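Take a look at the structure set out below.
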Amino acid sequence: MQCPRCHLENPPSTDTCDCGYSFATGSYVRRPSGFSGASSSTEPKKSQYAALETISTIFRVAAWLVAAVLVLAGIAALAYPTDQLKALAIPTAVSCFIAAGLQWLVLKAVAEGIALFVDIAYDVRAIVVKINSSDGR
């Protein structure tokens, strides 16, 4: 049977597609962080991409933290200008706000790129497992 979500061909006895679609309930079931392919071990399998998933999470958190620090620095430049730097307070604040937005965009893009790579790797692995199981290997 073909999965309506990813269009992958599945054996008739399959309850859940590798993409996470449940044929029994007719809905998407979020897959665990580790690959859910066939495993001969009874202990839980750790994701082979756990390090990349952690790095992606770190980039997501860093994007927000660095943006917050830059915004606070811009607010501080406006709120507490010194006499010598009063003329530079507004350009400094604007620069901090622009830098906050740009760095957030870059760090968030890196995090999402890593997450996309991991997701594609899981999907490719699922396809390889399906191909190998249909060939009788």
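The values are calculated or read from the model by the stated rules, or taken from the named source; none is laboratory data. It should be emphasised that the depicted structure is a prediction, and the values quoted were computed from it without experimental measurement. Quick reminder, even Gly has a Cβ in these numbers, built from the backbone with ideal geometry, and neighbours come from all protein chains shown.
Please determine, by comparing only the residues of the range 76-92 that are among the β-branched types (V, I, T) and surrounded by 13 or more Cβ atoms within 10 Å (Cβ to Cβ), which one is farthest from the chain's Cα centre (by Cα). Lay out the reasoning, then the answer.
Narrowing the range 76-92 to residues among the β-branched types (V, I, T): 82, 90, 92.
In the following step, the residues that additionally are surrounded by 13 or more Cβ atoms within 10 Å (Cβ to Cβ) were identified as 90, 92.
Details: I90: 36, T92: 33 Å.
That would be I90.
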**Message:** Condition (residue is under 30 Å from A51 (Cα atoms) and out of contact with any helix residue (DSSP H, G or I) (no Cβ under 7 Å at 6 or more places or on another chain)) applied to the range 80-101: is it met by at least one residue?
**Reply:** yes
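Applying the selection to the range 4-25, what residues are in a loop (DSSP other than H, G, I, E, B), in contact (Cβ under 8 Å) with a residue 12 or more places away in the chain and surrounded by 10 or more Cβ atoms within 10 Å (Cβ to Cβ)?
Restricting attention to the range 4-25, the residues satisfying the condition of being in a loop (DSSP other than H, G, I, E, B) are 4-8, 10-15, 17-20, 23-25.
From what's left, in contact (Cβ under 8 Å) with a residue 12 or more places away in the chain: 4-6, 8, 10-11, 14, 17-20, 23.
Residues satisfying the conditions are P4, R5, C6, L8, N10, T14, C17, D18, C19, G20, F23.
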**Fill in**
The number of residues in the range 93-112 that are surrounded by fewer than 15 Cβ atoms within 10 Å (Cβ to Cβ) and more than 13 Å from A63 (Cβ to Cβ) is 2
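What residue, of S13, S33, S56, S22, is hydroxyl-bearing (S, T, Y), at pLDDT below 80 and on the phi < 0 side of the Ramachandran plot?
Numbers: S13 fails: at pLDDT below 80; S56 fails: at pLDDT below 80; S22 fails: at pLDDT below 80.
When all the criteria are applied, what remains is S33.
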